[in-house]
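Note sheet for the following structure.
Quick note: the coordinates plus some simple rules give every number you see, no bench work behind them. Since this is a predicted model, take the numbers as computed values, not measurements. Virtual Cβ from ideal backbone geometry, glycine too; neighbours counted across all protein chains shown.
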Amino acid sequence: MKYDDQTLQALAQEVGIALAMRGYWLVSAESCTGGWIGQAVTSIVGSSAWYDRGFITYSNRAKQQMLGVQAITLARHGAVSEQTAQEMAAGALKMSAAQVAVAVTGIAGPGGGSADKPVGMVCFGWALKQGLAETRTCFFSGDREAIRRQAVAAALSGLLELLNELPPSVA
């Protein structure tokens, strides 16, 4: 499926509605998407009522300094791993006022891939302040922009799945 700007904006709108219905704030931690999730959600009018902040942590040093990703995690599993994505999401929650986090790290290409971690491999982490966390790895195809677009769509879709498992706020 092609994810054009309108499709990403529609997904971001749905995320915003789901967050607002629950009285939750969102934080994003991004590597290969370079802030695109933050751009998608802040393109929605009124997103300042549910989007707290975003972290663009492209380097391993930034992941460690800004999000508390452990050096041992990076050494054992690499920057592109579900373990790193999970620590990115947990760190983003810790460093923000949000109740929900999404993290993404991957290889958008065209270079940088390997047999174990090919171009198009993207790892996601979603976490709630109350403790629920999920991770997932996807393998996308296409050029750099197509992989990044698919990653943004998957990150937002995963947020919707997570939020739709939760009851709306009674406040």
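General observations
- With contacts taken as Cα pairs under 8 Å at a separation of at least 6 residues, segment 28-134 carries a relative contact order of 26 percent.
- Eigen-decomposition of the gyration tensor built on the alpha-carbon atoms of segment 110-171 gives equivalent ellipsoid semi-axes of 30, 13, 7 angstrom, largest listed first.
- Among the GluC sites (Glu not before Pro) within segment 73-171, those in coil by DSSP and having at most 11 neighbouring Cβ atoms inside 10 Å are Glu165.
- Model label zone, Ala115; criterion: amide N under 13 Å from point 7 Å along Cα-to-beta-carbon; scope segment 62-82: none
- Candidate lysines - alpha carbon under 24 Å from Lys129, same-chain residues fewer than 8 apart omitted: Lys63, Lys94
- Protection proxy ranking of 98-110, 117-129, 59-71 - average other beta-carbon atoms within 10 Å, highest first: 98-110, 117-129, 59-71
- The chain, helix-only ellipticity at 222 nm - DSSP H runs n ≥ 4, -39,500 (n - 2.57), divided by all residues, nearest 500: -13500 deg cm²/dmol
- Shape of segment 21-79 from the C-alpha gyration tensor: prolate (a/c of 1.5 or more and a/b above b/c, with a ≥ b ≥ c the square roots of its eigenvalues).
- Global geometry of segment 5-106, whether rounded, prolate or oblate, following the gyration tensor of its Cα atoms and the 1.5 cut on a/c: prolate
- Rounded to 5, percent antiparallel among DSSP beta bridges of segment 1-126: 35 percent
- Spin-label pair Arg53/Phe139, simplified geometry with 7 Å Cα→Cβ offset, distance in nm: 3.7 nm
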